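Each remark here refers to the structure printed beneath this line.
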Amino acid sequence: MIAAAPSPAIDARGLTRRFGARVAVEDVTLEVAPGEVVALLGPNGAGKTTTLRMLAGLLAPTSGSGTVAGVPLTATADAALRARVGLLTETPGLWDRLTVWTNLLTYARLYGVTDPGARVRAVLDRLGLADRTNDVAAVLSKGLRQRVALARALLHAPPVLLLDEPTSGLDPAAARDVRRLVAELARDGTAVVVCTHNLAEAEALAGRIGILKTRLLAFDTARGLGVRPGQVSLEDVYLARTEEA
């Protein structure tokens with residue numbers, strides 16, 4: 001007997017978000033499987049962050065429907081989605097007067113994590129932050145703040161991880177470590193959506209790539225988008241698609 005295919009970790013249908021007369025995201029439809037990494041590319045203002053915020057339950061869609069980690073995208077689903085989704089925003093939003101440890105421990109308790117202290121220690125170790133435990137967040141560099149915010153997104157071991165520019169401000173070694181972590185999480189079954197301006201990173205990390213400019217202009221593997229090593233680069237495809245739109 002053939003086993004049934006697993007349900008999509010993300011199943012979005014026609015997601016649209018308006019702010020007054022302005023359409024930020026229009027008719028976005030995509031599926032992401034458990035263990036899949038998807039990259040969203042697009043120019044500034046293309047709607048990438050708005051899309052992530054809808055998938056995380058921070059913004060209700062103006063129209064459209066979908067589920068994330070089995071939770072329907074409705075105006076009242078924010079609490080249920082927070083328990084199932086890890087979100088890294090482009091601005092880390094840490095409590096500056098608290099230590100790294102207290103920042104993370106507070107969130108672990110808010111998430112209802114079993115043995116929050118042990119979980120915080122494990123995530124700090126995994127992100128290479130154990131030596132920063134007692135640092136006050138205000139003194140951290142931009143790159144370190146980004147890594148602490150990523151640790152926060154992983155505290156409750158969410159089945160869906162949404163990352164907005166996860167390597168922004170990181171040095172090359174730290175960026176490499178984040179990419180390795182994303183690959184490890186995907187192998188463990190986590191569905192990951194990465195918004196990035198780094199085309200090489202998108203191509204290295206993601207099985208499929210979406211090009212967004214208010215609407216989803218294309219969504220496929222690099223080869224399916226027309227990338228041909230040595231002939232047509234992802235940059236060529238990206239620029240052609242976004243300049244046509």
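The values are calculated or read from the model by the stated rules, or taken from the named source; none is laboratory data. Owing to the predicted nature of the structure, the values given are computational and were not obtained by experimental measurement. Here Cβ is always computed from backbone atoms with ideal geometry, including for glycine, and neighbour counts include all displayed protein chains. Only protein heavy atoms, including side chains, enter the accessible area calculation; ligands, DNA and RNA are left aside. Shrake-Rupley method; radii C 1.70, N 1.55, O 1.52, S 1.80 Å.
Scan segment 187-234 for residues that are assigned to a strand (DSSP E or B) and without any contact (Cβ under 8 Å) to a residue 12 or more places away in the chain and jot them down.
The answer is ARG228, VAL232.
Can you work out which of the residues in segment 217-234 that are within 24 Å of the chain's Cα centre (by Cα) and not small (Gly, Ala, Ser) is surrounded by the most Cβ atoms within 10 Å (Cβ to Cβ)?
Ranking the candidates gives LEU225 first.
Restricting attention to segment 159-186, and to residues there that are open to solvent by 10 Å² or more (accessible area, probe 1.4 Å) and part of a loop (DSSP other than H, G, I, E, B), which single residue is modelled with the lowest pLDDT?
The extreme case among them is GLY169.
Select from segment 131-144 the residues that are in a helix (DSSP H, G or I) and open to solvent by less than 50 Å² (accessible area, probe 1.4 Å) and write down the one among them that is farthest from ALA174 (Cα to Cα).
ALA137
Consider only pairs whose beta carbons are under 7 Å apart and that are at least six residues apart or on different chains; among these, list those whose first residue lies in segment 75-92 and is without any contact (Cβ under 8 Å) to a residue 24 or more places away in the chain and whose second residue is in a loop (DSSP other than H, G, I, E, B) and hydrophobic (A, V, I, L, M, F, W, C).
Matching pairs, first to second residue: ALA75/ALA60; ASP78/LEU58.
Scan ARG17, ARG13 and give me the residue that is open to solvent by 70 Å² or more (accessible area, probe 1.4 Å) and either out of contact with any Cys (no Cβ under 8 Å at 6 or more places or on another chain) or in contact (Cβ under 8 Å) with a residue 40 or more places away in the chain (or both).
ARG13
For segment 111-120, which positions are surrounded by 13 or more Cβ atoms within 10 Å (Cβ to Cβ) and either within 14 Å of VAL148 (Cβ to Cβ) or in contact (Cβ under 8 Å) with a residue 40 or more places away in the chain (or both)?
Passing the criteria: TYR111, VAL113, VAL120.
May I ask you to verify whether GLU36 is buried (at least 18 other Cβ atoms within 10 Å of the Cβ) and within 21 Å of LEU205 (Cα to Cα)?
In short, yes.
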